[in-house]
Amino acid sequence: MSKIENPESAKGQRMLEPGEEVTGTQAVTAMAKGRRITVDLTASAGSELARLKKVSGLSTAELFRHAFNLLRLYVAAKDEGNEMYVSDRGGKDRVIELPFLVSRDSGR
């Protein structure tokens, strides 16, 4: 099941209540339209966003999509009881830890 909190209303459809779940073609239709979000960044985060855009050549949307996909990989690894690592040029591995807990069997 997909949880869609604020889908755009469309002709002949009603708005869902926050937390209301939809299934099947309702979910596919709502997800196919995408979802626009607004994020407030601190000044330092805004500067870092600008730097990352400059060094990567990515748009803001592309950058956030890649970041989202990395987070999905992290959550999947944790959900399976695994770790995520980054290796330096010398071959030394460091575990990547993010400041939140992932509950096992999170229903991917």
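The values are calculated or read from the model by the stated rules, or taken from the named source; none is laboratory data. Treat the numbers as computed from the prediction; the structure is a model and nothing was measured. Here the Cβ is made from the backbone with ideal geometry for all residues, glycine too, and neighbour counts use every protein chain on show.
Couple of notes before you dig in:
- Once the stretch 36-49 is narrowed to residues that are under 19 Å from Phe68 (Cβ atoms) and among the hydrophobic types (A, V, I, L, M, F, W, C), the residue that is surrounded by the most Cβ atoms within 10 Å (Cβ to Cβ) is Leu49.
- Selection status of Ser103, loosely packed, with under 10 Cβ neighbours inside 10 Å and either assigned to a helix (DSSP H, G or I) or at pLDDT below 95 (or both): yes
- Counting the residues of the stretch 33-62 that are in a loop (DSSP other than H, G, I, E, B) and of a type outside the set (D, E, K, R) gives 9.
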